[in-house]
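Working notes for the structure below.
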Amino acid sequence: MSLTYPPELAITPLAKPPSATVTVPGSKSITNRALVLAALAAPGCTVSGALRSEDTEVMVESLKRLGWLVNADWDTDTIEVHRDQSHEQIEDDEWIPNGHAELFVGNSGTTIRFLTAMLALGEGTYRLDGIPRMRERPIRDLLDALSQLGVDVRSDADNGCPPVIVNAQGLHGGRVRIRADVSSQFLSALLLVCPFARGDTTVEVVGTMVSEPYVEMTLQMLRMIDVKADVESPGRYRIPGGQRYCGGSIGVEPDASSASYFWAAAAITGGRVTVAGLNRKSLQGDVRFVDVLGEMGCRVEECDAGITVHGKPLRGVDVDMNDISDTVMTLGAVACFAEGPTTIRNVAHIRHKETDRIAALATELRKLGAEVEERDDGLTIHPRPLTGCAVDTYNDHRMAMSLALVGLKVPGVVIRNPGCVAKTYPGFWEDLEKLRQ
């Protein structure tokens with residue numbers, strides 16, 4: 001990314017409640033899924049509305065290292081993916097152009113999980129690694145699932161975390177049981193890849209599943225390109241093998257997780273903010289964050305232009321956020337301005353994200369003056385008078401963007417390492433300033 005950021009960024013409170021329409025960039029989750037499907041297309045595929053961020057750039061660079069020709073035109077948010085030689089049909093041993101590659105994925109969970117599964121289709125040896133935090137993020141459940149399908153794949157450190165080594169000899173299909181209580185991305189990775197295996201695959205989820213809307217997103221994207229993955233019963237999927245995607249184009253929606261910050265800004269300041277291009281028919285479960293704001297007292301409107309939140313006096317809520325866990329920290333900021341406590345439940349899995357998000361959120365909100373009770377699976381926030389201070393972001397983009405919302409109302413909030421937003425939303429600070437216009 002070409003943008004530069006200061007080591008610290010002071011947030012100035014808004015002089016008046018905003019009345020604004022904001023356009024947020026494309027969804028990271030959809031962009032990286034689309035890039036995997038584009039790579040498996042013959043002869044090629046165009047992804048439109050794509051997000052440019054650290055997470056998507058490492059996916060693009062990885063595809064290039066694996067032998068695809070990738071043309072990212074960031075001025076038009078378009079990415080073209082194709083092969084050196086166009087094929088009318090991809091043979092079973094041609095899924096991955098290069099037989100060897102060293103891939104650096106930064107701290108992108110979608111990239112390492114989706115590529116680990118995709119590389120099982122190939123013939124060769126591949127190594128995937130990232131920054132130190134990535135080496136602490138679990139991937140054992142996906143490795144165990146791929147091993148059940150006959151793939152030679154392992155954690156290089158033998159601790160269930162990256163680096164990951166894949167010794168691929170093609171993916172034959174079969175029966176697999178997989179856990180999805182740490183991340184639904186493990187299941188999504190299989191759903192994206194198994195249609196292109198040589199044989200049929202049956203996938204059964206063991207235990208509970210977190211962030212289920214992201215699995216539904218994956219299934220809907222497959223349906224959109226006429227690739228089958230049948231839901232036989234809750235947590236059980238039958239995926240016919242030997243399928244082909246003939247290419248074309250895949251569109252990317254605006255990012256609903258990014259939209260949550262602007263809807264939350266309206267709630268905190270008593271203003272009106274419309275996020276353009278999103279509605280409740282979105283592929284993304286996080287659009288339901290507006291329903292939580294509605295429960296807290298905001299007025300929510302949906303029209304052809306997008307979804308608008310009107311800030312009103314806020315009341316605390318008790319909410320299970322398992323399905324919309326990327327917005328936990330956004331709600332944490334809003335909760336500081338409500339009447340009464342807000343309890344967030346059933347999100348233990350977010351301790352394994354870019355940072356331990358439950359512990360980090362509790363620590364930083366306490367610095368600002370809120371009273372926070374931390375539990376294994378969530379927290380309760382008791383609003384108290386807030387005082388601005390410098391807050392840490394733990395190199396976590398969502399911590400930075402969420403804590404900045406407090407500064408729209410409370411003087412003296414300073415964001416340390418504001419550049420971490422480049423992971424998914426490089427232009428966030430510029431877009432936040434638009435609320436002052």
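The values are calculated or read from the model by the stated rules, or taken from the named source; none is laboratory data. Every value quoted in this text rests on a predicted model; they were computed, and no experiment measured them. Reconstructed Cβ throughout: ideal geometry from the backbone, glycine too, with neighbour counts over all protein chains shown.
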| field | Residue that is modelled with the lowest pLDDT [pool: residues in the stretch 57-101 that are hydrophobic (A, V, I, L, M, F, W, C) and farther than 16 Å from T46 by Cα] | value | I90
| task | Filter the stretch 324-360 for residues that are touching a residue at least 60 places away in the same chain (Cβ under 8 Å), more than 15 Å from the chain's Cα centre (by Cα) and in a helix (DSSP H, G or I) and give the result. | result | L331, G332, A333, V334
| request: State all residues of the stretch 100-139 that are surrounded by fewer than 24 Cβ atoms within 10 Å (Cβ to Cβ), under 27 Å from G241 (Cβ atoms) and not aliphatic (A, V, I, L, M); if no residue qualifies, say none. | output: H100, G109, E123, G124, T125, R127
| said: From the list G199, G247, exactly one residue is of a type outside the set (K, R), more than 20 Å from the chain's Cα centre (by Cα) and at pLDDT below 95. Which is it? | reply: G247
| request: Can you work out which of the residues in the stretch 379-395 that are in contact with a Ser or Thr (Cβ under 7 Å, 6 or more places away or on another chain) and farther than 24 Å from R135 by Cα is surrounded by the most Cβ atoms within 10 Å (Cβ to Cβ)? | output: I381
| Within the stretch 387-395, is there a residue that is in contact with a Phe, Trp or Tyr (Cβ under 7 Å, 6 or more places away or on another chain) and either modelled with pLDDT under 95 or not aromatic (F, W, Y) (or both)? | no
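So that you can scan it fast, the table gives a plain yes or no per residue for (1) assigned by TED's automatic domain parsing to the domain that holds T202; (2) surrounded by fewer than 19 Cβ atoms within 10 Å (Cβ to Cβ); (3) not acidic (D, E):
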residue: G270; (1), (2), (3): no, yes, yes
residue: V273; (1), (2), (3): no, no, yes
residue: V292; (1), (2), (3): no, no, yes
residue: E295; (1), (2), (3): no, yes, no
residue: I307; (1), (2), (3): no, no, yes
residue: L314; (1), (2), (3): no, no, yes
| note | Going through the stretch 307-321 in order, the residues found to be assigned to a loop (DSSP other than H, G, I, E, B) and in contact with a Ser or Thr (Cβ under 8 Å, 6 or more places away or on another chain) are G311, G316, V317, M321
| field | Enumeration of residues in the stretch 140-160 that are surrounded by 17 or more Cβ atoms within 10 Å (Cβ to Cβ), in contact (Cβ under 8 Å) with a residue 24 or more places away in the chain and outside any helix (DSSP H, G or I) | value | L149, V151, V153
| message | Pull out all pairs, ordered by first then second residue, where Cβ-Cβ is under 7 Å, the residues are six or more apart or on different chains, the first lies in the stretch 409-437 and is in the same structural domain as T269 (by TED's automatic domain parsing) and assigned to a helix (DSSP H, G or I), and the second is surrounded by fewer than 22 Cβ atoms within 10 Å (Cβ to Cβ) and at pLDDT below 95. | response | A422/M1; A422/L3
| message | Could you check the stretch 172-208 and list, in sequence order, the residues that are of a type in the set (D, E, K, R) and either closer than 17 Å to L219 by Cα or assigned to a helix (DSSP H, G or I) (or both)? | response | D200, E204
| Subset of the stretch 349-359 that is of a type in the set (A, V, I, L, M, F, W, C) and within 14 Å of T327 (Cα to Cα) - its residue that is surrounded by the fewest Cβ atoms within 10 Å (Cβ to Cβ) | I358
| note | Residue pairs qualifying under the 6 Å Cβ cut-off, at least six apart or on distinct chains, with the first in the stretch 234-251 being more than 19 Å from P43 (Cα to Cα) and the second being polar (S, T, N, Q), are R238/T202; I239/T201
